[in-house]
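Taking it in order: structure first as structure tokens, then the write-up.
The values are calculated or read from the model by the stated rules, or taken from the named source; none is laboratory data. In this text, all values refer to a predicted model and were calculated from it rather than measured experimentally. Because the Cβ atoms are built from the backbone with ideal geometry, glycine has one as well, and the counts that use them run over all protein chains shown. Accessible surface is based on the protein model in full, side chains and every heavy atom, while ligands, DNA and RNA are left aside. Shrake-Rupley method; radii C 1.70, N 1.55, O 1.52, S 1.80 Å.
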Amino acid sequence: MKPAELTKAIDSGHIPGLLFLYGEESFLLEKSLRRIKDHLVPPEAQDFNLVVLNGRDVSGAGVVDHARTLPVYAPHRLVMVRDSQHLKAESLETLREYIKEPVPETVLVFVADKIDKRRKFFQEFSRKGELVEFKGIYDNQLPSFVKTQSRELGFSFTEDALQRFCRKVGTNLAEVHGELVKLKT
């Protein structure tokens, strides 16, 4: 699944129960995570139905326990595991068992910088869930991103101003967005 397909799935309300988000473009990844959270778990239900774990601190059994817990007064429970690249091999093995039979009311989202698709865990995950890679953008893709973001912020660029802006800011999307917010202000 590509990031654009994930966005469409979120907007249509058909979010896969197993998601693994990874890649170098953290701005778009974090934006997708916020959209998933906002769509699945309303603010008044977050105390019971939103769990954020860190791959450095949690075991596979701990993740499975949270994932198997049913939601409270809501249709879905969201379990996010950040820094999943730090999960140990035995934890991944435990998680493989959960992936074979996930709880339908739980959306389990893993977040990592990079993954090794050769591992059995990722092969099994790709059959049952969705792997979404957030790649960095190229220089020629930046103007389109800037146009979209500026439109969302409520302003637009002339073609000359767009080219100048793109030459000055670089391709770090978090910085680009920050500069656009400054311009808006």
Seminar exercise, completed: In this structure, the FRET efficiency calculated for Arg167 and Lys117 from their beta-carbon separation, with R0 = 30 Å, to the nearest 0.05, is 0.25
For this session: Can you tell me the 0 to 90 degree angle between the C-alpha axis of helix 3-12 and the longest principal axis of the chain, rounded to 10?
Result: 70
For this session: Could you compute the FRET efficiency for Arg68 and Ala89, with r as their C-beta to C-beta distance and R0 at 22 Å, rounded to 0.05?
Result: 0.55
Problem set entry | Over 22 Å between alpha carbons, listed pairs Lys8/Lys128; Lys37/Lys182; Lys2/Lys182 | Lys37/Lys182; Lys2/Lys182
Problem set entry | Extended-chain gain in nm, criterion 0.36 nm per residue less alpha-carbon gap, Ser144 and Lys2 | 49.4 nm
Exercise. For segment 64-78, in order, what is each residue's ³J(HN,Hα) by Karplus, 6.51 cos²θ - 1.76 cosθ + 1.60 with θ = phi - 60°, in whole Hz (x at glycine and Pro)?
Worked result: 4, 4, 5, 5, 7, 6, 6, x, 10, 6, 7, x, 9, 10, 10
For this session: Would you please calculate the Kirkwood hydrodynamic radius of segment 1-107 over all C-alpha pairs and express it in Å, rounded to one decimal?
Result: 14.4
For this session: Would you kindly state how much longer the chain becomes between Glu24 and Arg127 on full extension, computed as 0.36 nm times their sequence separation minus their alpha carbon distance, in nm to one decimal?
Result: 34.8 nm
Seminar exercise, completed: Whole-percent carbon and sulfur contribution to the accessible surface of the chain (1.4 Å, no ligands, DNA or RNA) stands at 49
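Out of every Cα pair in segment 120-185, what percent are spaced more than 19 Å from each other? Can you show the working numbers first?
Values: 884 of 2145 pairs.
Of the Cα pairs, 41 percent sit more than 19 Å apart.
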Problem set entry | Heavy-atom accessible area per residue - segment 1-76, 1.4 Å, Å² | 55
Problem set entry | For segment 169-176, 3J(HN,Hα) per residue [Karplus equation, 6.51 cos²θ - 1.76 cosθ + 1.60, θ = phi - 60°, Hz, x = Gly/Pro] | 8, x, 10, 6, 5, 5, 5, 4
For this session: Return the long-range amide H neighbours of Phe134 (sequence gap of 5 or more, or a different chain), with a cut-off of under 5 Å between placed amide H atoms.
Result: Tyr22, Gly23, Glu24, Glu25
Problem set entry | On Cα atoms only, tilt of 142-153 relative to the major axis of the chain in degrees | 80
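So if I take the alpha carbon set of the chain, get Rg, then get Rh from the Kirkwood formula, what is the Rg over Rh ratio? Show your work: numbers first, answer last.
Details: Rg = 18.3 Å, Rh = 17.8 Å.
Reported Rg/Rh (Cα atoms, Kirkwood Rh): 1.03.
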For this session: Under 12 Å Cα to Cα from Lys168, which aspartates and glutamates show up? Leave out anything in the same chain fewer than 8 places away.
Result: Asp139, Glu179
Problem set entry | Probe 1.4 Å, accessible area per residue of segment 95-185, Å² | 62
